[in-house]
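Asker: The following block contains the structure, expressed as structure tokens.
The values are calculated or read from the model by the stated rules, or taken from the named source; none is laboratory data. Because the structure is a prediction, the values reported are computed rather than measured. A quick note on method: Cβ atoms are made from the backbone with ideal geometry, for glycine too, and the neighbour counts reach across all protein chains shown.
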Amino acid sequence: MPLPSGADPEPFAPLAEYIQEITEALAATTTQREVIEIVLTPAVQAIGASAGIVLSVDETDQQMKIAGSQGYEDGPPTLWQEGPINDNVLIADILRMKEALYFEDAGALKEAYPELESRTGGLLPVANATLPMFLDGQPLGVIVLDFTEPHHFTPAERRFLKILSAQCAIALGRAQATVLLEDHVEARTRQLAERTHQLEDEQAAQAAFVAFTETVGSETDLFSLVREAVKALQSRFPGASIVYYEEEDTVWKGRVWSDDLNPELVAVISAGLPGDTPLFAQMLQAREPVFTDVWDAERERVASSEEYGAAANYPLEIGGELHWLLSIGLRDTRIWSEADRGLVRAVGRGLNLALERTETARQLALQNAELQARTQALEAFADLTRDLVLTTDPLLLIGRALEVVMSMLPTGAAMYLVPEGERWYSRVQHGSVNSPEMQAAVDAGLPYAQAQNLLASWTTGEPQFQNVYQQDGTELASIVAHIQATATLPLRIEGKLTGVLAFVLFAQRAWSSVDRAVLETVVRSLELALDRARQADTLKAKNAELEARTQALEGFALLTRDFSLEHDPVNLVGRAQELILSLLPEGTSTYYELQEDVWQLRSHRGDFHDLALLEVLKGGVSRGTILNLERPLETRRPYYQGNFDIETTTVAREAFQIIGATAALPIFVSDQVQGVLVFGLYEAQVWSAPDRAVLETVARSLGLALERSLAAQELVEQRDALDVQAASLLTANEELQAFSYSVSHDLRTPVRHMLGFLQLARTSLDGKLDERTARYLDVVGQAGEQMNALIDAMLDLSRAAQQTLRPQVVDLNKMVRQIQATLLSDLLTRNVQWEVTDLPEVWGDRDALTQVLIQLMENALKFTRTRDPAIIRVWAEDQGEAWKVCVGDNGLGFDPRYQDRLFNLFQRLHSQQEASGTGVGLASVRRLILKHGGRVFAEGQIGEGATFGFTLPKTSMPRP
């Protein structure tokens, strides 16, 4: 085939043209000679080789034959000659490793194989590429290209040669299989009909799963989600029992269950099952779905008259915590298929994602409830502030404050106590202490040093909150045992400590941030009112301040309701800006977010007197140019300037000259600074404590609202990801089914026809065959039988993958003795010494483990045929949670560099003459052991024997 016009051998595109032309030509070939002629000439021309040759491997995999050559006719003798493969160590290595070898520089080939020239009598080329050809794991031969000059094989050339050898192998195999296509079409038609029937059976389950995924995308009620999951599973597993459990004080209690459960079992699961029940133990340890084949109620310690065949438990985690699970029990099925496991996992994942979304929604609801509680508290506080304006009696003021606070707390009592001498005396009390003894102690005065919570607030000047009241073992312990939680806050009048406000609750309570904020705000307001009472000359100013505060809080109440309805982040920020600007003197508000070291303006409100300033801000502000933005980001705290310092900005100073005061507040989302909210006033401003409290409260509420908005967006993204994952799972399942069909059925018929026609040929030519032709037919027959053996091995491997395990207690001692008896015919003709130690009882499938041990013991006998005596050792080791079972021998051994390949399909390290086999047995062993939850291993050295074995977990798998 001529080189394409203008072709450049280095880039892959010209080489790809060769590949395309070769592929098109190979499609029409029917004989080996045609294939070789089409492949060899382009290979030599494409990369500038001086000569090329194709050597084929005969049916015994031991001899090489020249299938075609180019460029060697007039040259010196070559290395590439017909004969035993082992005479040419380079080709033997390539066929063993199944990898191409490249020798680019002069002397490289001789350095790698110094004896090659003398053993073959040929002349070494300067550069060389040798490529193996394999089809279905069987060697077909090699393609050799020689060069008279050094040659660097580029990645494009290596890729070209790799594709070329693969195409040649495929074409050779296709030529052999052409006559068998009609039978293949018939078998495939039959299989398609079977697949159609299977798809119809799965249609109902898939429809139910689709309905389930649609429901979980919008439903937020926990039990409704669980019921939809139950419905989806029962459509796939009619008659299955399904239970949703929740953990409560280390006991798993059933909360939702399918209607088929009898009252007896409902009573058991409703009362709860202990956490160490085998039903839950393995799943809690692994934190992943557990599928139990062959359910045993006695073993699982679940008393019930219901009979089940198989079970599954799916853990449901939220935020890394596992407190829920979905349990499925099948009545008519004892073994879980891979398809059924996949459906359970898909439903479980969908339910888990929905529960996470529901939990997020619940958290948002709690946050909204917290905001609502804060609003209610602030409204009550607004009422209190109005009451405080109307009276000047200190004790009446304190009593009203205690009354308002207790109206928002559970049952309890509140007191105002002052220290005098060695005792605390109550000056105001609201509510009963629910104990005559304690009331008497309060009336008489509490010991100064023993009232630890009062003393702590008095000495530190800070509020003290106890979620669990600490009684400290003092003499007061006997009269305060009914108190569950306390809060004590120091009270100051004109900056001087005068006493402590104490709140005692008779029910457990965790003091939330809202509780603390309300109590501390009430105390601060009370202190303001008390100061007002003592400083009549400032009464008017105080009343005005309280009225302004009331207006701010009412506005905040409206803002909180807006936050619960709005989801757009920009609108949320704008609403907060509008509220604050309505409470402040004339000014503007801007909100920034940092993006790639540039502060980007996201929202602005107010009347900008200087539009130049607005244009500067809209264009983005570089990081580090405005202190009002940097300080909140670095300190994570608000930054106030009563008199704006123009020197704190390095950008557009003239535009900023109109600003008199500023306040910059960080906005947090998930504890990270999302942005900075800035208020600029046109006049200087003293930022009072109430001003700061309102600003910071609005900023915190805005952060919560933004966090809720982002969480809602994430829920939508998670739902979309679930849809994509479900579609991917369906596609992967269809591809797996198609592959299993091809391997299990498409190979048997061609081989059967080949052997049948071979026998007919023998019969027709009986007595007319010369010795050479008869030997050829024998070789073809042996190859057919070898192919049959490979097909049987592949089918055995497929059955191993699909085999349903029926675990039980298995005595390995008895099993090994039975296997030895079946191998007696082989032992009678050989000197075999058995060394079998006492073996344990294990948990597993008897038939599967028998198949595993037979394979390992037969391998030991097979690879010790040249040993006299042959020594076979069988023993077990206790590894704590698993048994390690070993079979060792003193046979041929193997190169430990390739031990990872031994359990792969069709992997063999010895020739057929050394030891026969298909390379499938150990692959079946690995699949069976993996299904038991164990692992396989191999150890050995060349000529020093080998040890093969496996591990088995000691514990059985539980069910619900």
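Asker: For Leu326, all conditions in the list (1) of a type in the set (A, V, I, L, M, F, W, C); (2) at pLDDT 75 or above; (3) assigned to a helix (DSSP H, G or I) hold save one; what is the number of the exception?
Answerer: Among (1) of a type in the set (A, V, I, L, M, F, W, C); (2) at pLDDT 75 or above; (3) assigned to a helix (DSSP H, G or I), Leu326 violates only (3).
Asker: Here's a follow-up. Could you tell me which numbered condition Gln450 fails, if it satisfies all but one of (1) under 17 Å from Ala477 (Cα atoms); (2) part of a strand (DSSP E or B)?
Answerer: All conditions pass for Gln450, except number (2).
Asker: Taking the residues in region 575-605 that are modelled with pLDDT under 85 and of a type in the set (Gly, Ala, Ser) as candidates, determine which candidate is farthest from Thr625 (Cα to Cα).
Answerer: Ser582
Asker: All but one of (1) charged (D, E, K, R); (2) modelled with pLDDT of 80 or more; (3) not in a helix (DSSP H, G or I) hold for Arg227; which doesn't?
Answerer: Among (1) charged (D, E, K, R); (2) modelled with pLDDT of 80 or more; (3) not in a helix (DSSP H, G or I), the lone unmet condition for Arg227 is (3).
Asker: I'd like to know if region 310-327 contains one or more residues that are closer than 15 Å to Arg806 by Cα and either surrounded by 16 or more Cβ atoms within 10 Å (Cβ to Cβ) or in contact with a Pro (Cβ under 7 Å, 6 or more places away or on another chain) (or both).
Answerer: Going residue by residue through region 310-327, those that are closer than 15 Å to Arg806 by Cα are 310-311.
If we keep only those that are either surrounded by 16 or more Cβ atoms within 10 Å (Cβ to Cβ) or in contact with a Pro (Cβ under 7 Å, 6 or more places away or on another chain) (or both) as well, we get 310-311.
Taking every residue of region 310-327 in turn, at least one turns out to be closer than 15 Å to Arg806 by Cα and either surrounded by 16 or more Cβ atoms within 10 Å (Cβ to Cβ) or in contact with a Pro (Cβ under 7 Å, 6 or more places away or on another chain) (or both).
Asker: Check every one of the strands (runs of 3 or more DSSP E) wholly within region 622-692 and list those with 2 or more residues that are in contact with a Pro (Cβ under 8 Å, 6 or more places away or on another chain) and either of a type in the set (A, V, I, L, M) or modelled with pLDDT of 90 or more (or both). Spell out the reasoning first.
Answerer: Working: elements: 639-641, 661-669, 672-681.
Ranges flagged: 661-669, 672-681.
Asker: Quick one: would you say Ile66 is surrounded by fewer than 18 Cβ atoms within 10 Å (Cβ to Cβ), of a type in the set (A, V, I, L, M) and modelled with pLDDT of 85 or more? Can you show your working first?
Answerer: Numbers: surrounded by fewer than 18 Cβ atoms within 10 Å (Cβ to Cβ): yes; of a type in the set (A, V, I, L, M): yes; modelled with pLDDT of 85 or more: yes.
When the stated conditions are applied, Ile66 passes them.
Asker: Which residue out of Arg341, Arg287, Arg362, Arg255 is in contact with a Pro (Cβ under 7 Å, 6 or more places away or on another chain), surrounded by fewer than 17 Cβ atoms within 10 Å (Cβ to Cβ) and free of Cβ contacts under 8 Å to residues at least 60 places away in the same chain? Walk me through how you get there before you give the answer.
Answerer: Details: Arg341 fails: in contact with a Pro (Cβ under 7 Å, 6 or more places away or on another chain); Arg362 fails: in contact with a Pro (Cβ under 7 Å, 6 or more places away or on another chain); Arg255 fails: in contact with a Pro (Cβ under 7 Å, 6 or more places away or on another chain).
Result of the check over Arg341, Arg287, Arg362, Arg255: Arg287.
Asker: Out of Ile667, Ile659, Ile626, report the one residue that is touching a strand residue (DSSP E or B) at 6+ places or on another chain (Cβ under 7 Å) and within 30 Å of Leu364 (Cβ to Cβ).
Answerer: Being touching a strand residue (DSSP E or B) at 6+ places or on another chain (Cβ under 7 Å) and within 30 Å of Leu364 (Cβ to Cβ) holds for just one of Ile667, Ile659, Ile626, which is Ile667.
Asker: I'm checking my understanding of the structure. Among residues of region 685-720 that are buried (at least 17 other Cβ atoms within 10 Å of the Cβ) and among the hydroxyl-bearing types (Ser, Thr, Tyr), which one is farthest from the chain's Cα centre (by Cα)?
Answerer: Going through the qualifying residues, I end up with Thr697.
Asker: Does any residue of region 103-121 turn out to be within 28 Å of Ala171 (Cβ to Cβ) and in contact with a helix residue (DSSP H, G or I) (Cβ under 6 Å, 6 or more places away or on another chain)?
Answerer: Yes; the residues of region 103-121 include at least one that is within 28 Å of Ala171 (Cβ to Cβ) and in contact with a helix residue (DSSP H, G or I) (Cβ under 6 Å, 6 or more places away or on another chain).
Asker: Considering only residues of region 69-97 that are of a type in the set (A, V, I, L, M) and under 26 Å from Val780 (Cα atoms), which is surrounded by the fewest Cβ atoms within 10 Å (Cβ to Cβ)?
Answerer: The initial filter retains those residues of region 69-97 that are of a type in the set (A, V, I, L, M), namely 79, 85, 89-92, 94-95, 97.
Of the ones still in play, those that are also under 26 Å from Val780 (Cα atoms) are 85, 91-92, 94-95, 97.
Working: Ile85: 23, Ile91: 24, Ala92: 15, Ile94: 20, Leu95: 20, Met97: 11.
The selected residue is Met97.
Asker: Please specify each residue of region 609-621 satisfying the condition of being assigned to a helix (DSSP H, G or I) and of a type in the set (A, V, I, L, M, F, W, C).
Answerer: Our first condition is that a residue be assigned to a helix (DSSP H, G or I); within region 609-621, this holds for 611-618.
Answer for region 609-621, where residues must be assigned to a helix (DSSP H, G or I) and of a type in the set (A, V, I, L, M, F, W, C): Leu611, Ala612, Leu613, Leu614, Val616, Leu617.
Asker: Filter region 586-608 down to residues that are assigned to a loop (DSSP other than H, G, I, E, B) and closer than 21 Å to Arg575 by Cα, then give me how many there are. Write out each step before concluding.
Answerer: Going through region 586-608, the residues assigned to a loop (DSSP other than H, G, I, E, B) turn out to be 586, 596-597, 607-608.
In the following step, the residues that additionally are closer than 21 Å to Arg575 by Cα were identified as 586, 607-608.
Of the residues in that region, 3 qualify.
Asker: Return the residue satisfying two criteria in turn: it lies in region 45-60 and is in contact with an Asp or Glu (Cβ under 9 Å, 6 or more places away or on another chain) and of a type in the set (A, V, I, L, M, F, W, C), and of such residues it is surrounded by the fewest Cβ atoms within 10 Å (Cβ to Cβ).
Answerer: Here is the first cut: in region 45-60, the ones in contact with an Asp or Glu (Cβ under 9 Å, 6 or more places away or on another chain) are 46-53, 55.
Filter once more, so that each one left must be of a type in the set (A, V, I, L, M, F, W, C): 46-47, 49, 51, 53, 55.
Working: Ala46: 24, Ile47: 24, Ala49: 22, Ala51: 20, Ile53: 24, Leu55: 25.
The extreme case among them is Ala51.
Asker: Right, next: Just checking, does region 809-817 include any residue being at pLDDT 85 or above, within 36 Å of the chain's Cα centre (by Cα) and closer than 23 Å to Pro953 by Cβ?
Answerer: First pass over region 809-817, keeping only residues at pLDDT 85 or above: 809-817.
Next, from what is left, pick out any that are within 36 Å of the chain's Cα centre (by Cα): 809-810.
Among the residues that remain, those that are also closer than 23 Å to Pro953 by Cβ are: 809-810.
Within region 809-817, one or more residues are at pLDDT 85 or above, within 36 Å of the chain's Cα centre (by Cα) and closer than 23 Å to Pro953 by Cβ.
Asker: If you check Ala451 against the conditions, is it in contact with a His (Cβ under 7 Å, 6 or more places away or on another chain) and in the same structural domain as Val504 (by TED's automatic domain parsing)? Working first, answer last.
Answerer: Details: in contact with a His (Cβ under 7 Å, 6 or more places away or on another chain): no; in the same structural domain as Val504 (by TED's automatic domain parsing): yes.
Taking the combined requirement at face value, the residue does not satisfy it.
Asker: Scan region 291-341 for residues that are over 22 Å from Gln808 (Cα atoms) and polar (S, T, N, Q) and jot them down.
Answerer: Ser327 - this is the single residue of region 291-341 that is over 22 Å from Gln808 (Cα atoms) and polar (S, T, N, Q).
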